[in-house]
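Here is the structure we will look at, set down as structure tokens.
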Amino acid sequence: MNAFLMLLKREIVRMIRRPSQLVSTLAMPVMIWVFIGAGFGGTMGEGSFAAHLAPGMAILVVMLSTIMVGMSLIEDRHMGFLQGVLVSPAPRWAVAGSKLAAAGLLGALQGVPLLLITPLLGSGGSFVGVVLAAVVLLLTAIAIGGFGLTLAWWIDSSRGYHGMMMVLIMPLWLLSGSIFTPETAARWLVVVSKVNPVEWCRLSADAAMDGTLASSPLALGGCVLFAVAGTLAAIRTLGATPRTSTG
């Protein structure tokens, strides 16, 4: 546990010391939110389209923030720090767990401000709802971060990893129902979104904000399983033969 806490502190300090990454992670979803919300503001018969976008935008902030987790793993490998930790008595789960916990905490903290704005847009929302939605964001960050670590383990280039994550993240987010509604989307989009784990997390966050999370057990259960799968994937991968930097 001491190893986990020490590594967690290191990850949080490292992320905080890179404000440009934190700002850019939040800035792009906010700009997308503003432009799409304003451009399609009159498409919903009831309610605000910007309010409809809010949970999905918070999910996007979390997904983009998890990219830093894998990049930190690649940097640690290049500096030789990762090899030192892997041969130390510290358990492998502490290495993966510290990075996922840091990504989850920072990702949730970045996504919460978007949720706090939702009541101002005419949508529902309460303190309890925001707290429950923040937990959903935490689960989402752990899930995406876990699979991101798995990918970063086998990629030796930060640029290559960043490009691959963007290729994977954006389709997952676009197919999560964050922008379109089931009533207006093509049938195949609705079908694909139903089996998209990011959709389960978005639905859970939306239900939490509306106070109806108890009536969405399948979505919440799927989000929890998604987080568990990402965690196990990261721990199992870090237990494989350690990669060495090729320069």
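Some values worked out for this structure:
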| item | result |
| --- | --- |
| Rounded to the nearest 20 debye, dipole of segment 2-238 from Cβ charges on Lys, Arg, Asp, Glu | 680 |
| Helix-only CD estimate at 222 nm, as mean residue ellipticity for the chain, using -39500 (n - 2.57) per DSSP H run (n ≥ 4) | -25000 deg cm²/dmol |
| Relative contact order, percent, the chain [alpha-carbon distance under 8 Å, six or more residues apart] | 26 |
| Structure-derived Kirkwood radius over Cα pairs in Å: which label, when the choices are (i) 19.9; (ii) 18.4; (iii) 19.4 | (ii) |
| D_trans [Stokes-Einstein, Kirkwood Rh over alpha-carbon pairs] for segment 133-229, 37 °C, 0.692 mPa s, µm² s⁻¹ | 231 |
| Segment 75-158: chymotrypsin sites (Phe, Trp or Tyr not before Pro) falling in loop per DSSP and having at most 13 other Cβ within 10 Å | TRP154 |
| When the convex hull of its Cα atoms is projected in every direction, mean area for segment 150-199 (nm²) | 3.9 |
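Every number here is computed from the coordinates shown, using simple stated rules; none is lab data. The structure displayed is predicted, hence computed values, not measured ones. Don't worry about glycine lacking a Cβ; one is built from the backbone with ideal geometry, like all the others, and counts go over all protein chains shown.
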